Amino acid sequence: MKEAKKHIIKTTNLSIGYTSKKKNIVIASDLNIKLEAGKMVCLLGKNGIGKSTLLRTLTKVQNALDGDIYLNNQNLEKFSNLELAKTLSLVFTERLPESSLTVFELVALGRQPHTNWIGYLTNEDMKIIQNAFKKTKTEHLMNSKFYELSDGQLQRVMIARALAQNTSIIILDEPTAHLDLHHTINTFSLLKNLASEFNKTIIISTHEINLALQIADELWLMSPQKFVSGKTDTLICNNELNSLFDSDLIKFNKSLKQFTI
Amino acid sequence: MVTATKSYKSTFGILLIILLTICLINISLGSVFIPFKQIILSLINGEVDKESWKTIVLNYRLPKAITAIIVGSGLSISGLLMQTLFRNPLAGPFVLGISSGASLGVAILILGASFFGATLTSFAFSNWGLAIAASLGSFLVLSAVMLAAVKVRNTMSILIIGLMFGSLTSAIISILAYFSSASQLQQYMFWSFGSLGNLSWLEIIVLASIFIIGILLVVFIIKPLNSLLLGENYAVSMGVNVKSTRNITLIATSLLTGVITAFSGPIAFIGLAVPHITKLLFNTSNHKTLLPAVAICGAIIMLICDSIAQLPSSEFTLPINAITSLFGAPIIIWLLVRKRKVYY
């Protein structure tokens, strides 16, 4: 019992996929994830393997085919939309629809699950918003319109919005897809810092494998055969990374701790 | 300290003063000249030189000004709601098929009379008759669109479904028109031009009550509407029930647009243009600011259009629909060219 309490995310025999008219299309099954709070996790796998499906299932956007998901020891099915919004915040890859929101307004929207019916921001809300700006070093952008920002700045602002939502878990779907190497590293170290200093649990789906190997606390590896999760070093020791790409073109180099051609 | 959302107190103050001024100007204009002082006296129920002046002001001009204010703000708010919901700058209050439905109802009443060989009493062609026909028509088409909307998950599809129903009804109206007499056609055309006048106080009370119900509904969705600015995925992730927000938005729009169209005909352009003009003026997307701003701007612009339509000191009244587009379109084009970029 004591051990169970430590896990912020836990799945038991989880099976994910889609339900079409007659049959279930299973993408991955028997996922048994145990994740402690304050860790930064990178979800790795090639395109189309089901990373998004897993994240969508964990965030209750789509239903699990089988098995259970527990957030903070509470079954995900028992969460209302609003409760979930107070536990888990998201950063998507998709571009925002056009509008003339300011950066401040955008980040302040993160307070929505906590504010009253009209969305009034109390002093407490203002403090949390200000903190979100501080943690992401985006205070100077506050009064700009969000469409004026560069992709790198916008990504930090979107992370600030997630922070303003003040949830223990933040899930990011390919947060560095539009970014160059500098901003990618910048984003990753910001997220790592949020995990280690502010005890946020951060789950990132990403294709930046070499970077993930160096910075993540844990890795979730998805391959057609199986799903493995664990500490980076353990996974390297057990030769799990080679199963990520079943091709001869790319191999994992154990001594370099990197993929090489 | 964190700068809060910009406050627009002074802008709102100026707009309210403009609204009041335009309203007084609108009431002073008309086919009969009445001195300004007498108008004020009539309004505050004081001693007026001629009793007929008081009657004109209180029973004709004031109701018309109130109608203009309700029509202008109601249509503009509906337009804003549709533009936010569909995230499409071309959406207006009529995308749900309300105007096509109303047109169908009235067309069947006026044009179909000969078609079905029915003899209609004068009641059928009174304001109430037209209003009832328009309401029934809107309700019918709107229900069809809504039924389809419940089935589709994609919000954009509702927009297309609404447009398709519009085409369907205009096809039916064309067929009815083809078999109608010239005088019936003219009568139908006059209705489709839109009109703000001729509403009795009772009709205004009905119009105003439904308007207020619509506005109350809108107030409760300001918060979720703001989160929809980030797209449906983010809205859901912030705990918003997108489906119920969508439904309330559709119901509020139908109420506002439906009752306005029933009493004053399909008034074009205002619902599409005013949200754009307001967004350019205020440069914000926050609905807490935009909704009252759009309501006031809508009222002002409608009153201006109506004042122009009266052709000051002449006996003619131009069709209000022609005026709204004739003066509104160039303004939008000018604003867009000047600012170059608009966000909806």
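Every number here is computed from the coordinates shown, using simple stated rules; none is lab data. Please read these numbers as outputs of a predicted model, since none were measured by experiment. Glycine also receives a Cβ, built like all others from the backbone with ideal geometry; neighbour counts cover every protein chain displayed.
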query: Cross-link list A:Lys86/B:Lys151; A:Lys46/A:Lys257; A:Lys10/A:Lys86; A:Lys39/A:Lys135; A:Lys135/A:Lys200; A:Lys145/B:Lys279: which exceed 20 angstrom alpha carbon to alpha carbon?
result: A:Lys86/B:Lys151
- request: Could you work out which residue, out of A:Ile209, A:Ile25, A:Ile69, moves most in a Gaussian network model of chain A, that is, has the largest mean-square fluctuation with Cα springs under 10 Å?
  value: A:Ile25
message: Semi-axes of the equivalent ellipsoid for the range A:31-126, please: Cα gyration tensor eigenvalues, times 5, square-rooted, ordered largest first, whole Å.
response: 28, 19, 13
- request: Please report the relative contact order for chain A, taking Cα pairs under 8 Å with a sequence separation of at least 6, and give it as a percent rounded to a whole number.
  value: 24 percent
statement: Quick calc: nm separation of the 7 Å Cα→Cβ label points for A:Arg56 and B:Ile25 -> 5.5 nm
query: Mind checking the mean number of beta-carbon atoms from other chains within 10 Å of the Cβ atoms in B:215-223?
result: 2
query: So what's the gap between the Cα centers of the range B:319-338 and the range B:75-105, to the nearest angstrom?
result: 18 Å
task: Estimate the FRET efficiency between B:Ser143 and A:Lys254 by the formula 1/(1 + (r/R0)^6), using the beta-carbon distance for r and 51 Å for R0, to the nearest 0.05.
output: 0.15
- line: On each of the three principal axes the extent of the alpha-carbon atoms of the range B:65-339, given in whole Å and largest first, is 58, 47, 36
- request: Please work out the Cα center distance from the range B:147-193 to the range B:228-298, rounded to the nearest Å.
  value: 22 Å
message: Let me check I've understood the local charge: for A:Ile128, count other residues with C-beta under 13 angstrom from its C-beta, Lys and Arg +1, Asp and Glu -1. What total comes out?
response: +4
- line: Sorting B:Leu185, B:Leu81, B:Ile300 by the position of each Cα along the dipole of the range B:65-339 (Lys, Arg +1; Asp, Glu -1; all at Cβ), the one nearest the positive end of that ordering is B:Leu81
field: Cα gyration tensor of the range B:99-258 - equivalent ellipsoid semi-axes, whole Å, descending
entry: 35, 20, 11
- request: Let me know the charge dipole size of the range B:221-344 about its Cα centre in debye, to the nearest 20, where only the beta-carbon of Lys, Arg (+1) and Asp, Glu (-1) is charged.
  value: 600 debye
task: About the Cα centre of the range B:65-339, how large is the charge dipole given +1 on each Lys and Arg Cβ and -1 on each Asp and Glu Cβ? Please answer in debye to the nearest 20.
output: 920 debye
- line: Projecting the Cα atoms of B:Leu228, B:Thr253, B:Ser195 onto the charge dipole of the range B:65-339, where Lys and Arg contribute +1 and Asp and Glu -1 at Cβ, the residue farthest towards the positive end is B:Leu228
field: Ranking of B:Phe316, A:Phe252, B:Phe269 by count of other Cβ atoms within 10 Å, fewest first
entry: B:Phe316, A:Phe252, B:Phe269
query: Which value in Å is the Kirkwood Rh of the protein assembly as shown over different Cα pairs?
result: 27.5 Å
- request: Please report A:Tyr70, A:Tyr147, B:Tyr234 as a ranked list, fewest other C-beta atoms within 10 angstrom at the top and most at the bottom.
  value: A:Tyr147, A:Tyr70, B:Tyr234
task: Just rank A:Cys237, A:Cys42, B:Cys23, fewest to most, by other beta-carbon atoms within 10 angstrom.
output: A:Cys237, B:Cys23, A:Cys42
